[in-house]
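Everything on this sheet refers to the single structure shown next.
The values are calculated or read from the model by the stated rules, or taken from the named source; none is laboratory data. Computed from a predicted model, the values in this text were never measured in an experiment. Glycine gets a Cβ as well: all are built from the backbone with ideal geometry, and neighbour counts include every protein chain shown. In case anyone asks, the SASA skips ligands and DNA or RNA and just uses the protein heavy atoms, side chains included. Shrake-Rupley method; radii C 1.70, N 1.55, O 1.52, S 1.80 Å.
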Amino acid sequence: MLEQVVNEGTGTSAAVPGYTVAGKTGTAQSHGRPRLLHHRRLHGVLRGFAPAANPTLSMIVVLDRPTPIFGGTVAAPVFSQS
């Protein structure tokens with residue numbers, strides 16, 4: 001299922017030529033003190049690993065307050081270029 005995120009879903013920008021990549025994109029909101037939700041404090045996220053069947057590389061990319069906010073748009077390319 002996580003391979004499909006990279007092959008056909010929101011994480012297509014995380015693809016690495018020659019490798020099967022699996023991952024999950026996301027967007028999250030941060031909490032401030034005292035645990036108040038800051039609606040403008042967002043994180044774009046991609047968690048991925050390769051090769052998908054027998055991983056030797058695992059990475060989490062978290063971008064604080066990205067523009068645009070979506071993990072597949074901003075964090076996935078960082079994964080594929082790293």
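Odds and ends about this structure:
- Among residues of the range 47-75 being of a type in the set (A, V, I, L, M, F, W, C), closer than 19 Å to Gly18 by Cβ and in contact with a strand residue (DSSP E or B) (Cβ under 8 Å, 6 or more places away or on another chain), the one that is surrounded by the fewest Cβ atoms within 10 Å (Cβ to Cβ) is Leu57.
- Among residues of the range 14-33, those that are of a type outside the set (Ser, Thr, Tyr) and open to solvent by less than 80 Å² (accessible area, probe 1.4 Å), counted: 9
- Restricting attention to the range 5-25, the residues that are part of a loop (DSSP other than H, G, I, E, B) and not aromatic (Phe, Trp, Tyr) add up to 10.
- Test: residue in the range 27-50 that is aliphatic (A, V, I, L, M), in a loop (DSSP other than H, G, I, E, B), touching a helix residue (DSSP H, G or I) at 6+ places or on another chain (Cβ under 8 Å) and at pLDDT 95 or above: no
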